[in-house]
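J.: Got a structure for you, written out below as C-alpha cells; questions coming shortly.
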Amino acid sequence: MIKKVARGATEVLAPWVWVILLPFAVAAATENLWMTLLWGLVVALTASVIPMAVIVRGARKGKWDGHHVTNREGRLVPLVTAGASLAAGTVIMILGSAPANMLALAGSMFASLIVSMAITFGLKWKISLHAAVAWAAVVTLTVVYGPWWLLLAVPAALVAWSRVELGDHTTAQVLAGSAMGVVVGGGSFWLLSQLL
C-alpha cells in the first residue's frame, strides 16, 4: 500500500506535471484569459511537453531507464533538450513581448536546468529533479499569490518522500533537490521578477 501511494505521488507530481501547470498559474496573475492561455502554452510546450516527448521516446528505445530517467548518466540528452526547447520558447516570448512574470519564470527554469546539469555531470551526483521542481513551484506560486500557496508544501513534501520510498533517490539527493528548488528555482524567479 505504501509503495502504491509513493508510485502514485511520483507519477501525479512528476516534474512535467508541475511544469505544465505552473506557467498558466503564473500568467493568470497578470494576464487576461487569452494571453494567459497563449503565454502559458508557450512555456508549457517548450519547458515540459517537448522535453517529455523526447524523454518518453528515448525510454521506449532503451536509451535510458524509463520516463523518470533515474540513471544519472542518461540525463544528458533530456536536460540539453529541455534547455534548448526552453531557450526557443524564451526567444518566442521576447519577440512577442511576453509579460515580465513569464520571462522570469522561463529564466528561473533555465537557471535550474544549468545548476542541475552542473551537479549531475560536473559533480557526477544524482540530484532529485522531482523535489527540485516541486519546491520551485511552491516558492514561485507563493511569490506570485502570497503565503496561502505555501500549502503546496504538502504535495511537494509528498513527492520528495516518494522518491526516497521508491529507492530512486537517497534522502540527501532529495534534500539537495528541495534546496535547489527553493533557492535556484524559486529564488531566481523572485529575483528576476524584481529586475524585469
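The values are calculated or read from the model by the stated rules, or taken from the named source; none is laboratory data. Not measured: the values here are computed from a predicted model. Cβ coordinates were reconstructed from backbone atoms using ideal geometry, including for glycine residues, and neighbour counts include every protein chain displayed.
J.: I'm trying to understand the selection: among the residues of the range 159-186, which are assigned to a helix (DSSP H, G or I) and either surrounded by fewer than 19 Cβ atoms within 10 Å (Cβ to Cβ) or at pLDDT below 95 (or both)? Walk me through it before giving the result.
T.: In the first step, residues of the range 159-186 are kept if they are assigned to a helix (DSSP H, G or I); the result is 159-165, 171-186.
Those that are assigned to a helix (DSSP H, G or I) and either surrounded by fewer than 19 Cβ atoms within 10 Å (Cβ to Cβ) or at pLDDT below 95 (or both): TRP161, VAL164, GLU165, THR171, ALA172, LEU175, ALA179, VAL182, VAL183.
J.: May I ask you to list the residues in the range 96-105 that are modelled with pLDDT of 95 or more and either under 12 Å from the mean Cα position of the chain (by Cα) or surrounded by fewer than 18 Cβ atoms within 10 Å (Cβ to Cβ) (or both)?
T.: Selection gives LEU105 alone.
Table: residues versus (1) out of contact with any helix residue (DSSP H, G or I) (no Cβ under 6 Å at 6 or more places or on another chain); (2) under 15 Å from VAL19 (Cα atoms); (3) without any contact (Cβ under 8 Å) to a residue 60 or more places away in the chain.
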site: PHE121; (1), (2), (3): yes, no, yes
site: ILE127; (1), (2), (3): no, no, yes
site: HIS130; (1), (2), (3): no, yes, no
site: VAL138; (1), (2), (3): no, yes, yes
site: THR142; (1), (2), (3): no, no, yes
site: TRP149; (1), (2), (3): no, no, yes
site: VAL164; (1), (2), (3): no, no, yes
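J.: Can you tell me how many residues within the range 62-92 are assigned to a helix (DSSP H, G or I) and acidic (Asp, Glu)?
T.: Restricting attention to the range 62-92, the residues satisfying the condition of being assigned to a helix (DSSP H, G or I) are 72-92.
From what is left, the residues that are acidic (Asp, Glu) are 73.
Adding up the residues that qualify gives 1.
J.: Cβ-Cβ distance below 9 Å, separation of 6 or more or different chains: which pairs start in the range 82-100 with a residue that is in contact (Cβ under 8 Å) with a residue 60 or more places away in the chain and of a type in the set (A, V, I, L, M) and end on one that is surrounded by fewer than 16 Cβ atoms within 10 Å (Cβ to Cβ) and assigned to a loop (DSSP other than H, G, I, E, B)?
T.: Partner pairs satisfying both residue conditions: ALA100/THR30; ALA100/LEU196.
J.: Could I ask something else about it? Go through the range 67-89 and report how many residues are at pLDDT below 75 and loosely packed, with under 15 Cβ neighbours inside 10 Å. So that I can check it myself, show each step before the final result.
T.: As a first pass, look at the range 67-89 and keep what is at pLDDT below 75: 67-72.
Imposing the further condition that a residue be loosely packed, with under 15 Cβ neighbours inside 10 Å reduces the set to 71.
Qualifying residue count for the region: 1.
J.: So, THR140, is that one closer than 23 Å to ALA84 by Cβ, among the hydroxyl-bearing types (Ser, Thr, Tyr) and at pLDDT 95 or above or not?
T.: Working: closer than 23 Å to ALA84 by Cβ: yes; among the hydroxyl-bearing types (Ser, Thr, Tyr): yes; at pLDDT 95 or above: yes.
Here the answer is yes, as THR140 does meet what is asked.
J.: Name the single residue that is nearest to the chain's Cα centre (by Cα) among those in the range 23-53 being among the aromatic types (Phe, Trp, Tyr) and surrounded by fewer than 20 Cβ atoms within 10 Å (Cβ to Cβ). Spell out the reasoning first.
T.: Going through the range 23-53, the residues among the aromatic types (Phe, Trp, Tyr) turn out to be 24, 34, 39.
Those left that are additionally surrounded by fewer than 20 Cβ atoms within 10 Å (Cβ to Cβ): 24, 34.
Values: PHE24: 14, TRP34: 24 Å.
Among those residues, the one meeting the criterion is PHE24.
J.: Which ones in the range 125-155 are of a type in the set (A, V, I, L, M, F, W, C) and farther than 21 Å from PHE110 by Cβ? Please lay out each step first, then the result.
T.: Residues of the range 125-155 that are of a type in the set (A, V, I, L, M, F, W, C), as a first pass: 125, 127, 129, 131-139, 141, 143-144, 148-154.
Across the range 125-155, the qualifying residues are TRP148, TRP149, LEU150, LEU151, LEU152, ALA153, VAL154.
J.: Looking at the range 122-131, can you tell me whether even one residue there is surrounded by fewer than 21 Cβ atoms within 10 Å (Cβ to Cβ) and part of a helix (DSSP H, G or I)?
T.: Yes, the conditions are met somewhere in the range 122-131.
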